[in-house]
Amino acid sequence: MVPMSPPSKRSARRRATREAVARTTQVTDAREAAHSLDVRAERRVRAPGDRDPFTGELRKREILPMLVLHFMKGGPSYGNALIEKIADVTAGVLHVNPNTMYPLLRQLEARGLVEGEWEHPERRSRRYYSLTSEGRAEYRRLVKEVRPFLDSIGRSIDEIVKEVYGA
């Protein structure tokens, strides 16, 4: 494959942006637009070394939504606090940025799993999210579904440590 020259890259980006804007304006519901973009992203084929396999699998296996719902069990929380809690509990292995967390929270809210409420309703401030009864049920489902995967990661890491360090 011949690399594109910078003007060609810019032209391709402009065309892609125009196409995305045209598609988005055709969709009346913003959720439908987001969903259609997510579906396209899921179909994209990734090269074998395209992402970190460990954190990529953690994200794919619904670890992140499970952790978000888990931390809300203790009471309402907001995006940045959840980001910090996840970084703490995973010792920084699973790094979540706001561009991941806030769309996830909006998605969970749209699915009825959490309810969001502004700290100061008269102006935009922190948005605190609380679990709904549906969110509690989804959390219980995820806990059961994800456990075998987490156990396999633990066993794999133990085997690596035994092999390399003889422990």
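The values are calculated or read from the model by the stated rules, or taken from the named source; none is laboratory data. Treat the numbers as computed from the prediction; the structure is a model and nothing was measured. Cβ coordinates were reconstructed from backbone atoms using ideal geometry, including for glycine residues, and neighbour counts include every protein chain displayed. In case anyone asks, the SASA skips ligands and DNA or RNA and just uses the protein heavy atoms, side chains included. Shrake-Rupley method; radii C 1.70, N 1.55, O 1.52, S 1.80 Å.
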Worksheet entry | Dipole magnitude of the range 84-167, debye to nearest 20 (Cβ charges: Lys/Arg +1, Asp/Glu -1, about Cα centre) | 180
Fill in: ³J(HN,Hα) computed for each position of the range 144-154 - Karplus, 6.51 cos²θ - 1.76 cosθ + 1.60, integer Hz, glycine/proline x
5, 6, 8, 3, x, 5, 4, 4, 5, 5, x
Worksheet, complete the sentence: Using a 1.4 Å probe on heavy atoms of the protein chains only, the accessible area for Y102 in Å², nearest 10, reads 70
Item to complete: Starting from the Cα of E109, step 7 Å along the direction of its Cβ; do the same at K144; then give the gap between the two resulting points in nm.
Response: 3.0
Worksheet item: Cα gyration tensor of the range 121-167, axes a ≥ b ≥ c as square roots of the eigenvalues: rounded (a/c below 1.5), prolate (a/b > b/c) or oblate?
Response: oblate
Worksheet entry | Efficiency of FRET between Y102 and E122 - r from beta-carbon atoms, R0 22 angstrom, step 0.05 | 0.55
Worksheet item: Points 7 angstrom from Cα along the Cβ direction at E163 and N80: gap in nanometres?
Response: 4.2
Practice prompt. Using packing as a proxy for protection, rank 85-98, 123-136 so that the peptide with the highest average count of other Cβ atoms within 10 Å comes first.
Written response: 123-136, 85-98
Worksheet item: Can you give the net charge of the other residues whose Cβ lies under 15 Å from the Cβ of A81, counting K and R as +1 and D and E as -1?
Response: 0
Discussion item. Could you compute Rg(Cα) / (2.2 N^0.38 Å) for the range 82-135, with N its residue count?
Written reply: 1.25
Discussion item. Amide H of T132 versus every other amide H placed in the peptide plane: which residues, excluding those fewer than 5 positions away on the same chain, fall under 5 Å?
Written reply: V114, E115
Item to complete: Starting at the first residue of the range 122-130, write each ³J(HN,Hα) from the Karplus equation 6.51 cos²θ - 1.76 cosθ + 1.60 with θ = phi - 60°, in whole Hz, x for Gly and Pro.
Response: 6, 8, 5, 9, 5, 10, 8, 10, 10
Worksheet item: Between R111 and residues 5 or more places away or on another chain, which pairs have amide H atoms under 5 Å apart, with H built 1.01 Å from N, and which residues are they?
Response: none
